[in-house]
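Chemist: I am attaching a structure below and will ask some questions about it afterwards.
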Amino acid sequence: MATCSSLSVLSKFRSNSGHKLSFRVRAQVSGDERKTAVGFPGSMEPVNGSISLGRDKHQVGSDGLADEVNGKVKFEKKTAKDEAFSEMELLWDDGYGSKTVKDYFLAAKKIITSDGGPPRWFIPEDCDRPIKDAPTLMFLPGLDGTGLGLILHHKALGKAFHLRCLHIPVNDRTPFDGLVKLVEDALRREHASSPDKPIYLLGDSFGGCLALAVAARNPHIDIVLILVNPATSFERSQLQPLLPILELLPEELHFTVPYALSFVMGDPLKMASVDINTELPTGIRLQLLREKLSSLLPFLSVLGEIVPKETLLWKLKLLRTGAAYANSRLHAVKAEVLVLASGKDNMLPSQEEAMRLHGLFKNCTVRVFKDNGHTLLLEDSVSLLTVIKGTCKYRRSRRVDYVSDFLLPSKGEFEYATNRIVGFLRYAVGSVMFSTMEDGRIVKGLAGVPDEGPVLLVGYHMLMGLELGPMSGAFVREKRILFRGMAHPVLYSENESSKDFGYVDWFKVFGAYPVTPSNLYKLLASKSHVLLYPGGAREALHYRGEEYKLIWPEHQEFVRMAARFGATIVPFGTVGEDDIAELVLDYNDLMKIPFINNYVSEAARDASRFRLRDESSGEVANQRLYLPGLLPKIPGRFYYLFGKPIHTKGREDLVKDKEAANNLYLHVKAEVERSISYLLKKREEDPYRSIIDRVAYSVAHTPAVDVPSFEP
């Protein structure tokens, strides 16, 4: 017997205005349960006498649709191909930038025609088929009520989630408690069908109040709340004086309201910049920006149709009620919470509200987008799925699993990280990769690194870990391999009430995970490429005079684990930190400076809460976290050498024989030291070691080609 998670709302559709409507339903199969989501009617294209979401014919046939015929739901037969889950590959297309605010207005114009129906759920037509075991994400819209506020993110979210969006028709007057009941009913049905999966409630502005209210009423359900500029701060909003003004405003002047709201709701420049390539020359980008801003102006009148005067008055009153309702029940919220706040929100004090909520909720993470306005989800920033991944909020069971829950980076994420996050460093250091073949030959490139896992990359951690970005990018570009790197657990702490989505979050997007034996075990078991720095933070934050010195533990921490899975160990060395900066103030120096020493000591105490190793002595166990004082230099070059692969397959003796494991451990360490010595010597032969020489070479060789280096 099929269980239909959203079909109950069909009866509500029929009860409105006494007329019967025909709906098309997209059905999806998950295990033995058949779940459905109801599409909204209105001015969409008719298909065989019923209403669809405007899908192409091949999409309609492959999605598995259901019609309401004589009051009953009839499911179309689904083939095994239809029921297959989507796969996610490295550099997949997340679609971010393919849709803009213009698409939002065009889609909104189609669905705002009144049909007399109540609120209902729909699946966006441009969602991809979700991956296996994907959780459900329910989107609760802001004051517009269209449910189209995720239009820039549909494709990406539709890959990672079963996406459901709530549509509240223009003339609907369902009170706040009625909307809470509607969302709650859908939530409980979803929970009944998949009790071991989390359910995501994504609330935008007013939707944030709705999401909080539902979460407070259902503390027993595993809910992840994502609140985007939540309107719980309505009492401190600039919208407060608007209500009496709107009530007195003559009907013939209401057309001016949407234009006024457009400058308050969001940042027009951010909205127009969504699909503009940042790699284009500045002049071309400005010209495109002017054209896109001009093309958006005619669509502002659509705001007046989305929220006509009576609707706007109703929704402002609804917003006041919803904010009061949610605030009175915040103490009952037990859900995991992610708050996204805009720094330039002229509608609500969102950044201040994010800090307040962070202090109220036990498990709350905050990210601030300082250059964005209220309509964050419709503006140029970062893909919402990227933010969810970077804050470690994506999971498919009751607890996040850093191995099985990891989603591979998309092409858009890779390009953004390469160009905007590590772009300057990558350009400045001109990294050169070398590797060692099985016969001992050293070649340029990564051909010597095995393509098939499990592979354990073991090497030297350069100052501040600056080698990571260029190294990760090289593996993705040349070998289409994303290695998973171990990170200090302090990077996963969320003590700050307000922080930007930045460098550390991008580490997580690209596979960094907390360093624990269980995580290493899972990754090697899944035949992954794993990056390991035995020296850890102590090596990356070394002191003056310790450049290129391996600060490793005394015992083999990884050899027996690698042997257990027959992993191939690839030792590697990196040099170049002394080519870009000079370490002038280390930990010992900073501790001698008044005031600064207190800050450094506090940071060290916070880091000491995260116990990484069993051994209680030795330099490597002394992992003090601090920000060293660096004196920049005219950039030189980064060099990497990956040594000859060391195979542990068939070496079962390493698992139990500690002496044999220790001998191999010392061999790996010696190979890393040999690689460093080789690079320090050979880089003297590089005619393009200086950035000045590399720039001159690039200018003389157009189109651009790789700048050569020394011959190995």
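Chemist: Between MET437 and ARG544, how many nm apart are label points set 7 Å from Cα along the C-beta direction?
Modeler: 4.6
Chemist: Within a Cβ distance under 14 Å of SER526, other residues only, what is the Lys/Arg minus Asp/Glu net charge?
Modeler: It works out to a net charge of +1.
Chemist: I've got another one for you. Please work out how much length the chain gains when fully extended from THR516 to TYR492, using 0.36 nm per residue of separation minus the C-alpha to C-alpha distance, in nm with one decimal.
Modeler: Extra length available between THR516 and TYR492 comes to 7.3 nm.
Chemist: Using packing as a proxy for protection, rank 313-323, 425-435 so that the peptide with the highest average count of other Cβ atoms within 10 Å comes first.
Modeler: With the highest mean Cβ count within 10 Å placed first, the list reads 425-435, 313-323.
Chemist: Quick check on the stretch 416-456: take the gyration tensor over C-alpha atoms, sort the square-rooted eigenvalues as a ≥ b ≥ c, and tell me if it's rounded (a/c under 1.5), prolate or oblate.
Modeler: Oblate.
Chemist: Moving on to the next point. Compare the peptides 139-150, 205-216, 640-651 by average per-residue count of other Cβ atoms within 10 angstrom and give them in order, highest first.
Modeler: Result, highest mean Cβ count within 10 Å first: 205-216, 139-150, 640-651.
Chemist: Quick one: what does P(r) look like for the stretch 89-172 with 10 Å bins over all Cα pairs, in whole %?
Modeler: Pair shares across the bins are 18, 48, 27, 7, 1.
Chemist: With +1 on the Cβ of every Lys and Arg and -1 on the Cβ of every Asp and Glu, and nothing else charged, how large is the dipole of the stretch 86-154 about its Cα centre, in debye rounded to the nearest 20?
Modeler: Computed charge dipole of the stretch 86-154: roughly 360 debye.
Chemist: I want the local charge near VAL422. Using Cβ-Cβ distances under 12 Å, sum +1 for each Lys or Arg and -1 for each Asp or Glu among the other residues.
Modeler: Local charge sum for VAL422: 0.
Chemist: Give the accessible area for GLU659 in Å² (nearest 10); use a 1.4 Å probe, count only protein heavy atoms, and leave out ligands, DNA and RNA.
Modeler: Approximately 130 Å² for this residue.
Chemist: Counting Lys and Arg as +1 and Asp and Glu as -1, each charge on the Cβ, what is the dipole of the stretch 402-489 about the Cα centre in debye, to the nearest 20?
Modeler: 280
Chemist: Compute the semi-axes of the equivalent ellipsoid of the stretch 652-703, taking the square root of 5 times each eigenvalue of the Cα gyration tensor, and list them largest first in whole Å.
Modeler: Largest first, the stretch 652-703 gives 43, 13, 6 Å.
Chemist: Still on this structure, please answer the following. How big is the charge dipole of the stretch 385-430 about its Cα centre, in debye rounded to the nearest 20, if each Lys and Arg gets +1 on its Cβ and each Asp and Glu gets -1 on its Cβ?
Modeler: My answer is approximately 220 debye.
Chemist: Next up: Find which of LEU583, LEU520, PHE510 sits farthest along the positive direction of the dipole of the stretch 440-597, computed with +1 on the beta-carbon of Lys and Arg, -1 on that of Asp and Glu, about the Cα centre.
Modeler: So the residue furthest toward the plus end is LEU520.
The values are calculated or read from the model by the stated rules, or taken from the named source; none is laboratory data. Bear in mind that the values here come from a model prediction, so they are computed numbers and not experimental data. Backbone-built Cβ (ideal geometry, glycine too); neighbour counts: all protein chains shown. The area values use the complete protein model at the heavy-atom level, side chains included, leaving out ligands, DNA and RNA. Shrake-Rupley method; radii C 1.70, N 1.55, O 1.52, S 1.80 Å.
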